[in-house]
1. Scan the stretch 60-78 residue by residue and report those that are charged (D, E, K, R), part of a helix (DSSP H, G or I) and more than 16 Å from the chain's Cα centre (by Cα).
2. Within the stretch 170-196, can you find the residues that are touching a helix residue (DSSP H, G or I) at 6+ places or on another chain (Cβ under 9 Å) and either modelled with pLDDT of 85 or more or charged (D, E, K, R) (or both)?
3. Tell me which residues, restricted to the stretch 145-166, are over 19 Å from Ser64 (Cβ atoms) and touching a helix residue (DSSP H, G or I) at 6+ places or on another chain (Cβ under 9 Å).
4. Being surrounded by fewer than 14 Cβ atoms within 10 Å (Cβ to Cβ) and over 24 Å from Asp72 (Cα atoms) is the filter here, so list the residues in the stretch 30-42 that pass it.
5. Criterion first (over 17 Å from the mean Cα position of the chain (by Cα) and basic (Lys, Arg)) does Arg96 satisfy it?
6. Checking the condition closer than 20 Å to Leu214 by Cβ, touching a Phe, Trp or Tyr at 6+ places or on another chain (Cβ under 9 Å) and in a strand (DSSP E or B), which residue from Leu54, Leu50 passes?
7. For the stretch 26-47, give me each residue that is part of a loop (DSSP other than H, G, I, E, B) and among the polar types (S, T, N, Q).
8. Quick one: which residue in Gly107, Gly53 is of a type in the set (Gly, Ala, Ser), at pLDDT 95 or above and over 21 Å from Leu205 (Cβ atoms)?
Amino acid sequence: MKPLVLHELPPSPNCTKVRIALGYKGIPFESKQVDGQDRTQAIADYGVGLTPGLTGEGFRMYDSHSILRYLDLNFEGPRLLPTDVDQLRVVEQWERWARSEALAGLGGVWAMAFGRQDFDQAALDAARAQITADTQKLEDELEGREWLVGDAMTAADVCVAARLVLVIPPASIQAAVEGSGFPFWPFYFEHCAVQEARPRTRALLERVLAHDPLMQTLAQAAA
């Protein structure tokens, strides 16, 4: 069987989620970078221009939420979704938080980082206030535990880590992402990087991102 192909724009948290899931479950895959300025090939490959997309023998799909569930239900390896219904509900709550609430103010920062919006100190201050509150929420939740739900990594940890790496990159990969060539990282680190210690949150990100093949490749190249 040919390996799966992940169609991605690497900085995207949604793409990071899927890479982590593939790495964690030990699923071989190839990465194909989508042209952010011209999505024609992406549409031809998997039907839409949004990332990530996943293709394999006889199927093509998109949307990180759907892809995580497809991988977890159709491939061997450690589970990302608990079989316990109550735990699954909590995992889905964290997924929604990471997708819709966490760091919601970063949209304008993203636009500033790419020069699509004028520098706005008030917007940065508001974003930093939310970053402080969101990372404190995680720090409190992780007291006395390694994972957000249960005793092993789940989709909750994957989704939260993929989102939070934008503002609190683990020390092991910070140099790597700074030198990765993605133009927004220096802007993020200067204006949005978490200044507080947040040891439990940082440790969670280290554990989760250890399963991201791209982050590990960048870290090894920077070492």
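The values are calculated or read from the model by the stated rules, or taken from the named source; none is laboratory data. Since the model is a prediction, treat every value here as computed from it, not as a measurement. Neighbour counts run over all protein chains shown; Cβ positions are idealised from the backbone, glycine included.
1. Asp72
2. Once the filter is applied, which keeps residues that are touching a helix residue (DSSP H, G or I) at 6+ places or on another chain (Cβ under 9 Å) and either modelled with pLDDT of 85 or more or charged (D, E, K, R) (or both), the stretch 170-196 yields Glu178, Val194, Glu196.
3. Correct list: Arg145, Glu146, Trp147, Gly150.
4. Asp35, Gly36, Gln37, Asp38, Thr40, Gln41
5. Answer is no for this residue.
6. Criteria check complete, one pass: Leu54.
7. The answer is Gln37, and nothing else.
8. Gly53
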